[in-house]
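**Q** Below is a structure I'd like to ask you about.
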């Protein structure tokens, strides 16, 4: 899960202005799940890119050099890790308003004896 958080925070940092934008990370535990949210108020992602974000080597902004734009594998790796934990990842974004990644994972079952 460390890699999931690192990948999503890295993306948020890449697409937010360090002086005017903010990145929010929150964690909530429900009865049978845990929800992790990583949100920014950066540039946002165009709607036509959202369905392909988790495709291998897909880069929403191909004009950015690889030095700054990554390889297009970070979100694929992120989704793979979440899938391996029986979780889900959703993304919502709006141009000029930012992006929210929402991860839901099953919460471990604890007995009252623990």
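Values quoted throughout were computed directly from the atomic coordinates according to the rules given, and no laboratory measurement underlies them. Please read all numbers here as calculations on a predicted model, not as lab measurements. Positions of Cβ are backbone-derived with ideal geometry, glycine not excepted, and every protein chain shown enters the neighbour counts.
**Q** Subtract the Cα-Cα distance of residue 102 and residue 1 from 0.36 nm times their separation in residues, and report this length gain in nm to one decimal.
**A** On the way: separation 101, 0.36 × 101 = 36.36 nm, distance 1.35 nm.
Roughly 35.0 nm would be gained on extension.
**Q** How do 39-45, 93-99 rank on mean C-beta neighbours within 10 Å, highest first?
**A** Details: 39-45: 20.1, 93-99: 16.1.
Highest to lowest by the protection proxy: 39-45, 93-99.
**Q** For the peptides 78-85, 14-21, what is the packing order when you average, over each peptide's residues, the other Cβ atoms within 10 Å and list the highest mean first? Walk me through the numbers before you get to the answer.
**A** Values: 78-85: 15.5, 14-21: 12.4.
Averaged packing, sorted descending, gives the order 78-85, 14-21.
**Q** Let me ask you something else. Working out 0.36 nm times the residue gap between residue 77 and residue 35, then minus their Cα-Cα distance, what length gain in nm do you get to one decimal? Don't skip to the answer; put the middle values down first.
**A** Numbers: separation 42, 0.36 × 42 = 15.12 nm, distance 1.86 nm.
Contour length minus Cα-Cα distance gives 13.3 nm.
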